[in-house]
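Enquirer: Got a structure for you, questions after.
The values are calculated or read from the model by the stated rules, or taken from the named source; none is laboratory data. Just so you know, these numbers come straight off a predicted model, no measurement behind them. Here the Cβ positions follow ideal geometry from the backbone for every residue, glycine too, while neighbour counts run over all protein chains shown.
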Amino acid sequence: MAKIIDGKAISNAIKDELKEYVEKKKKEGKTANLAVVQVGNDPASSVYVNNKKKACAYIGIGSSSYELPEDVTQEELLLLIDRLNKDEEITGILVQLPLPAHINEDTVIRKIDPGKDVDGFHPMNVGALSIGEDGFVSCTPQGIIELLKRSDIEISGRECVVIGRSNIVGKPMAMLLLRENGTVTVCHSRTKNLKEVCKRADILVVAIGKPKMIDHEYVKEGAVVIDVGIHRMENGKLCGDVDFDDVCSHCSAITPVPGGVGPMTIAMLMNNCCKNIS
Ligand code: GUN
């Protein structure tokens with residue numbers, strides 16, 4: 001039976017460490033303030049945004065909300081970001097994605113001051129990661145590295161296969177695994193022989209966005225399986241991109257959904273916010 005990697009417990013431990021750090025910094029008169037921008041009121045985005053604000057409150061980071069109507073113009077949104085960039089009280093800026101179709105996400109991301117880009121989405125931060133320089137790193141892949149390290153799972157020298165090549169997860173995941181000296185393969189929708197490639201993996205990271213797509217036929221006996229997907233099934237329960245019940249008996253460790261990667265994303269966002277305490 002696989003070890004179940006408890007992302008909730010690990011994220012709680014990280015948040016407690018950060019809380020202590022923030023309290024110490026407060027005594028030196030230093031604080032962090034996160035600006036959270038949401039456009040429209042997509043229910044899923046509202047849940048994420050609320051969880052982020054709750055985590056800030058728990059750790060002792062200030063947060064301010066900017067809720068803009070669905071039909072706000074791109075220009076107005078860019079003006080707000082400009083104002084937040086210049087505001088010395090604000091140490092981090094997060095624009096919740098996705099944005100409505102009439103707004104260009106890339107333009108918005110590029111507008112955020114890279115030094116306040118706690119999501120790590122700005123091309124300057126993405127570039128810094130790819131050449132091994134310091135900068136903000138995308139929270140979900142950074143959270144996965146932290147899960148592996150805190151579960152004493154060796155990355156160096158091991159075969160790591162990432163399924164998915166998004167800018168937010170797949171690509172930065174590959175860069176981070178490489179930085180940890182893993183041997184990295186990135187698979188995507190055009191990959192041939194996906195099963196065979198995945199079966200090579202000592203560490204398989206799945207971010208494809210298809211419920212329960214990965215069954216035991218994709219998994220080498222004893223591999224570590226990290227599931228980034230989250231989907232609501234017809235019965236109301238959540239599931240990942242991995243068929244957990246089917247894969248469980250084949251692997252040495254696996255993240256559950258919910259309670260695996262998800263909570264780590266917020267813990268790493270808080271970690272990024274704490275980098276800017278001044
Ligand atoms: N939407 C889904 N995930 C994320 C995230 O990590 N950051 C932001 N800003 N929006 C998201």
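Enquirer: Only one residue in Ser156, Ser166 is surrounded by fewer than 16 Cβ atoms within 10 Å (Cβ to Cβ) and modelled with pLDDT of 95 or more, so which one is that?
Expert: Numbers: Ser166 fails: surrounded by fewer than 16 Cβ atoms within 10 Å (Cβ to Cβ).
After applying the criteria, what remains is Ser156.
Enquirer: Can you name the condition, by its number, that Glu89 falls short on among (1) among the acidic types (Asp, Glu); (2) away from the ligand (no atom under 15 Å from the Cβ); (3) crowded, with 22+ Cβ neighbours inside 10 Å?
Expert: (3)
Enquirer: Moving on. Scanning for something surrounded by fewer than 22 Cβ atoms within 10 Å (Cβ to Cβ) and part of a strand (DSSP E or B), does region 194-203 turn up at least one residue?
Expert: Checked region 194-203: no residue is surrounded by fewer than 22 Cβ atoms within 10 Å (Cβ to Cβ) and part of a strand (DSSP E or B).
Enquirer: Here is a further query. Of the residues Val257, Val219, Val242, Val224, which single one is in contact with a helix residue (DSSP H, G or I) (Cβ under 9 Å, 6 or more places away or on another chain), in contact (Cβ under 8 Å) with a residue 40 or more places away in the chain and within 23 Å of Pro172 (Cα to Cα)?
Expert: None of the other options fit; the residue is Val224.
Enquirer: Could I ask something else about it? Go through (1) on the phi < 0 side of the Ramachandran plot; (2) crowded, with 16+ Cβ neighbours inside 10 Å and name the single condition Gly40 misses.
Expert: The number of the failed condition is (1).
Enquirer: While we're looking at this one, here's another question. Can you name every residue in region 109-148 that is small (Gly, Ala, Ser) and either farther than 30 Å from Asp6 by Cβ or not in a loop (DSSP other than H, G, I, E, B) (or both)? If you could, list the steps in order and put the result at the bottom.
Expert: So the first thing to find is which residues in region 109-148 are small (Gly, Ala, Ser), and the list is 115, 120, 127-128, 130, 132, 135, 138, 143.
Those that are small (Gly, Ala, Ser) and either farther than 30 Å from Asp6 by Cβ or not in a loop (DSSP other than H, G, I, E, B) (or both): Gly115, Gly127, Ala128, Ser130, Gly132, Gly143.
Enquirer: Continuing with this model, one more query. Among the residues in region 63-80, are any at pLDDT 95 or above and within 24 Å of Glu17 (Cβ to Cβ)?
Expert: Yes, some residue in region 63-80 is at pLDDT 95 or above and within 24 Å of Glu17 (Cβ to Cβ).
Enquirer: Also, I was wondering about something else. With the requirement that a residue be within 12 Å of the ligand (Cβ to nearest atom) and out of contact with any strand residue (DSSP E or B) (no Cβ under 6 Å at 6 or more places or on another chain), what does region 109-152 give you?
Expert: Ile109, Asp117, Gly120, Phe121, His122, Val137, Ser138, Cys139, Thr140, Pro141, Gln142, Gly143
Enquirer: In the set Leu18, Leu34, which member is at pLDDT 95 or above, in contact with a strand residue (DSSP E or B) (Cβ under 6 Å, 6 or more places away or on another chain), aliphatic (A, V, I, L, M) and closer than 16 Å to Asn271 by Cβ?
Expert: On the way: Leu18 fails: in contact with a strand residue (DSSP E or B) (Cβ under 6 Å, 6 or more places away or on another chain).
Checking each option against the conditions leaves just Leu34.
Enquirer: If I ask for residues that are of a type outside the set (S, T, N, Q) and within 13 Å of the ligand (Cβ to nearest atom), which ones from region 92-102 would you list?
Expert: Matches in region 92-102: Gly92, Ile93, Leu94, Val95, Leu97, Pro98, Leu99.
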